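**Student:** Just passing along the structure, written as structure tokens.
The values are calculated or read from the model by the stated rules, or taken from the named source; none is laboratory data. As the structure is a computational prediction, the values presented were derived from the model and not from experiment. Neighbour counts are summed over all protein chains in view; Cβ atoms, including those assigned to glycine, are modelled from backbone coordinates with ideal geometry. Quick note on the areas: whole protein, heavy atoms, side chains included, nothing else; ligands and nucleic acids left out. Shrake-Rupley method; radii C 1.70, N 1.55, O 1.52, S 1.80 Å.
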Amino acid sequence: MGKIIAVAGKGGVGKTTLCGLLIQYLCQTGRTPVLAVDADANSNLNEVLGVEAPPTLGEIREEIERAGTNNVIPAGMTKNSYLEMRISDALTEEHSFDLMVMGRSQGQGCYCFVNGLVQTQIQKLQSNYPYIVVDNEAGMEHISRGLLPAMDTAILVSDCSRRGVQAAGRIAQLMAELNFKPRQSGLIVNRAPGGKLDAGTLAEIQAQGLTLLGVVPQDDSVYRFDCDGKPIVQLPEDSPVRRALEEIAARLEL
């Protein structure tokens, strides 16, 4: 079965950026094919990877909901059979990785059905990929819903703020309460000025009982790439962000 790497943390700390670079690292080091899962309703992992997003599971769900009124389902086909057929279109296939995007439901209502689709698809596809990298939404909902069937590696991401570290600590605590037992887990602190952590941040990491996997420095080129609409995976080879993430991944022995 494919190893599931789950990335989670507070919103705005750079989870998706690190996810994209991690997927690229796995591909460049021969751990292919990788299934990249954008499990955030506000999806943008495709932009980090520089690929077109496939039809999202949320869009497919809405299409199925409207199927009874616009006769899109072929005669003689059940709604479930049509759903299975359409979900096969929900993968963008690249040379060394495939991308599946959760997306969102339109209008009012919860994401329960779309969450269920993500869970079912991961379980179905897990044996086809040596690695599955899941970019979770901000917060704890996917963890609390048990979206992932298992976790080999849990990577929590924070910035240098105490609030970010505390959020990561709450996610780690929730995983323990739900009896998740990843082979390895820990915290990456992103956007650290000069690649260094001050005493207050280090004290909070210790107070939360988190294992520090590594520190990724602040780099203005990431901001410039984002502003210019350039995929983050096109950062130069000597980018300090890229180098730091690759060193952390190597230490994790993924």
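**Student:** Answer with yes or no whether L235 is in contact with a helix residue (DSSP H, G or I) (Cβ under 6 Å, 6 or more places away or on another chain), within 19 Å of N136 (Cα to Cα) and among the aliphatic types (A, V, I, L, M). Walk me through it before giving the result.
**Tutor:** On the way: in contact with a helix residue (DSSP H, G or I) (Cβ under 6 Å, 6 or more places away or on another chain): yes; within 19 Å of N136 (Cα to Cα): no; among the aliphatic types (A, V, I, L, M): yes.
So L235 does not fit the description; no.
**Student:** Looking at the stretch 1-18, which of the residues that are among the charged types (D, E, K, R) and either surrounded by fewer than 22 Cβ atoms within 10 Å (Cβ to Cβ) or farther than 16 Å from L245 by Cα (or both) is modelled with the lowest pLDDT?
**Tutor:** So, considering only residues that are among the charged types (D, E, K, R) and either surrounded by fewer than 22 Cβ atoms within 10 Å (Cβ to Cβ) or farther than 16 Å from L245 by Cα (or both), the one modelled with the lowest pLDDT is K10.
**Student:** Would you point out which residue out of G209, G229 is open to solvent by 20 Å² or more (accessible area, probe 1.4 Å) and modelled with pLDDT under 95?
**Tutor:** Result: G229 is the single residue among G209, G229 that is open to solvent by 20 Å² or more (accessible area, probe 1.4 Å) and modelled with pLDDT under 95.
**Student:** Can you confirm whether L187 is at negative phi and in contact with a helix residue (DSSP H, G or I) (Cβ under 8 Å, 6 or more places away or on another chain)?
**Tutor:** Yes: the conditions hold for L187.
**Student:** Quick one: count up the residues across the stretch 22-31 that are touching a helix residue (DSSP H, G or I) at 6+ places or on another chain (Cβ under 7 Å) and surrounded by fewer than 23 Cβ atoms within 10 Å (Cβ to Cβ).
**Tutor:** So the count comes out to 1.
**Student:** For the condition in contact (Cβ under 8 Å) with a residue 12 or more places away in the chain and either crowded, with 21+ Cβ neighbours inside 10 Å or closer than 17 Å to I5 by Cα (or both), what is the one hit in G169, G164, G194?
**Tutor:** Result of the check over G169, G164, G194: G164.
**Student:** Considering each residue of the stretch 120-139, count those that are at pLDDT below 95 and over 13 Å from the mean Cα position of the chain (by Cα), and give that number.
**Tutor:** Within the stretch 120-139, residues that are at pLDDT below 95 and over 13 Å from the mean Cα position of the chain (by Cα) number 8.
**Student:** E94 is checked against (1) open to solvent by 60 Å² or more (accessible area, probe 1.4 Å); (2) modelled with pLDDT under 90; (3) acidic (D, E) and fails just one. What number does that condition carry?
**Tutor:** (2) is the only condition that E94 fails.
**Student:** Please state which of the following conditions G30 fails to meet, knowing it meets all the rest: (1) on the phi < 0 side of the Ramachandran plot; (2) more than 15 Å from the chain's Cα centre (by Cα); (3) assigned to a loop (DSSP other than H, G, I, E, B).
**Tutor:** (1)
**Student:** Then there is this: R242 passes all but one of (1) buried (at least 19 other Cβ atoms within 10 Å of the Cβ); (2) under 20 Å from the mean Cα position of the chain (by Cα); (3) within 12 Å of L156 (Cβ to Cβ); (4) at pLDDT 95 or above; which number fails?
**Tutor:** Going through the list (1) buried (at least 19 other Cβ atoms within 10 Å of the Cβ); (2) under 20 Å from the mean Cα position of the chain (by Cα); (3) within 12 Å of L156 (Cβ to Cβ); (4) at pLDDT 95 or above, R242 breaks only (3).
**Student:** Would you confirm, using the coordinates I've provided, whether I60 is free of Cβ contacts under 8 Å to residues at least 24 places away in the same chain and in contact with a Lys or Arg (Cβ under 7 Å, 6 or more places away or on another chain)?
**Tutor:** No.
**Student:** Identify all residues within the stretch 223-243 that are closer than 14 Å to G50 by Cβ and of a type in the set (A, V, I, L, M); write none if there are none.
**Tutor:** I232, V233, L235 - these are the residues of the stretch 223-243 that are closer than 14 Å to G50 by Cβ and of a type in the set (A, V, I, L, M).
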